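Throughout, read-outs are computed from the coordinates displayed, never taken from laboratory work. Being a predicted model, the structure only gives us computed values, none of them experimental. Glycine gets a Cβ as well: all are built from the backbone with ideal geometry, and neighbour counts include every protein chain shown.
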Amino acid sequence: MTQLSHRDVVASGSGAVRIVVDRARCSGIGICESLDPSHFEIGDDGALMLLSDIAAEDDDTVLEAVRSCPALALSVQPE
Ligand code: SF4
């Protein structure tokens, strides 16, 4: 299965994508949570929790959160 980089998140149809977190990169800054609290939440321990790892491929809110991660810790892959 092809994994797209955060720069390659381009909506093109009506399918779904799976959100992938590179835990080694994530520093718990929380920008993703601020942009899309329906998918991302920083826990009390400072670790990122995915509230749902599936999103519509044309969900601009979650895709913007993926693109905006300054640590490049987020990506999506076709579901
Ligand atoms: S924006 Fe990136 S580094 Fe920050 S919590 Fe989200 S995934 Fe982790």
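In terms of Cα atoms, the Rg and Dmax of the range 6-78 work out to 11.3, 37 Å. One decimal place: the segment residue 29-residue 77 gains 15.0 nm when fully extended, by the rule 0.36 nm per residue minus the C-alpha distance. Counted by Cβ distance under 15 Å from residue 29, the other residues give a net charge of -2, where Lys and Arg count +1 and Asp and Glu count -1.
Other residues with beta-carbon under 9 Å from the beta-carbon of residue 73 carry, at +1 per Lys or Arg and -1 per Asp or Glu, a net charge of +1.
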